[in-house]
Every structure is written in structure tokens, then in C-alpha cells.
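To keep things clear, I will list the structure first and then write my remarks on it.
Values in this text are rule-based calculations from the coordinates and carry no lab data. Everything numeric here is computed off the predicted structure, so don't read it as measured data. Methodologically, a virtual Cβ is constructed for each residue, glycine included, from the backbone with ideal geometry; neighbour enumeration extends over all protein chains shown.
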Amino acid sequence: MTWSLFYRFDNGVPTDFHELRQFGSSLWSANGKVITMGQSMVAEFPSPQAAKDALVQRGKEIEAQGYKRVREGIHDPARIDFPLLTTEIRKGARRAFQANQTASTLITAADLAASHRTRWPARLARSPRRALRRGAPPCGCLRQAQAPQPVRATAQARIR
């Protein structure tokens, strides 16, 4: 199978796509807006070489319409291209790691603690067990909001 992927960009962001795939003597084509399935069609040819020639010709026509070829390849279902697969996995892992780092810098511990204190009322802060039963975070930020009470003074007051 031979395939090609084309994008039309607007300010560096892909907006439209065209995809061509050759399966034996047939040519599959899809086009539409990015993040959609788009519309697809299949054309049959008398031979696999005729389908491959049609793929090359259709690719030139798509590029003439203002699309840019971003990927192309030859895929043999009986053979896996491990170097390409490894490269794709590494790229995906790097992007996920960078996104995680960006998200962690946006939410700091102080912001998280402040959101807990404003989200849970003071009466729940006085009773941590009740707060935990109602779904409050077990991070201790509710306990910090209440004034500390000396344990011995409370115990002596109960004895008298």
C-alpha cells in the first residue's frame, strides 16, 4: 500500500486535508476538514501500476490546489517499519511530557490549596472527618485553615 497525506494550512495550523491510499488496483481518497472523517471514495483501476500512476497524478493536482504534502510512505502489512515506529513513539512521548510540564507549571500548589479553602465551607474545616466523608481533599489544607487547639487544655477542661 502506498499513501500520501496533504494539509492546507492557515497561520501555521492545518485546516483541510487530503489523503490518498493505494490498495492493489484500487485508489482510496478522502478529503475534508481536519479532525473530521471527511468524505471518501474508491476508484478501481485495471492494474496496480495504473492505480499507483493515478495516485502520483492526483497528488500533483492536490499540491496545485495549495495543499502541502506532509507525509507519504509505503506500507507492507507483512513488514513493520520499526525505526519509523520508534521515532513516532519517541515524538509522542516527548509531546506528552512537554504538555505535562506545561500543565504542572500552570497549577501550582498555592493555587490548589487556595481552591480547596474557597471550595469547602468553614464548618467542614472544623470537622475533618465530615469533610472527608463529603469528598474534601485529604491534603490537610482544611486543617490549616482552622486555629490549632491545645490538646491538654481541652482534656483538663473535660476532667473538671
Counting other C-beta atoms within 10 Å, which of T87, T2 has the fewest, and how do the rest follow?
T87, T2
Length gain on complete extension for the stretch D76 to A43, per 0.36 nm per residue less the alpha carbon to alpha carbon distance?
9.8 nm
Quick one: D10, D16, D81, fewest Cβ neighbours within 10 Å first, how do they rank?
D10, D81, D16
Skipping prolines and chain starts, which residues have an amide H placed within reach, meaning under 5 Å, of the one on T2, given they are 5 or more residues away or on another chain?
Q22, H75
Derived scalar couplings ³J(HN,Hα) [segment 31-43; Karplus, 6.51 cos²θ - 1.76 cosθ + 1.60; whole Hz; x for Gly, Pro]
8, x, 7, 5, 6, 10, 7, x, 10, 10, 8, 10, 10
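How would segment 1-106 be classified by its alpha-carbon gyration tensor: rounded, prolate or oblate, with rounded meaning a/c under 1.5 and the a/b versus b/c comparison settling the rest? List each step's numbers first, then the result.
Working: a/c = 2.82, a/b = 1.57, b/c = 1.79.
In terms of gyration-tensor shape, oblate.
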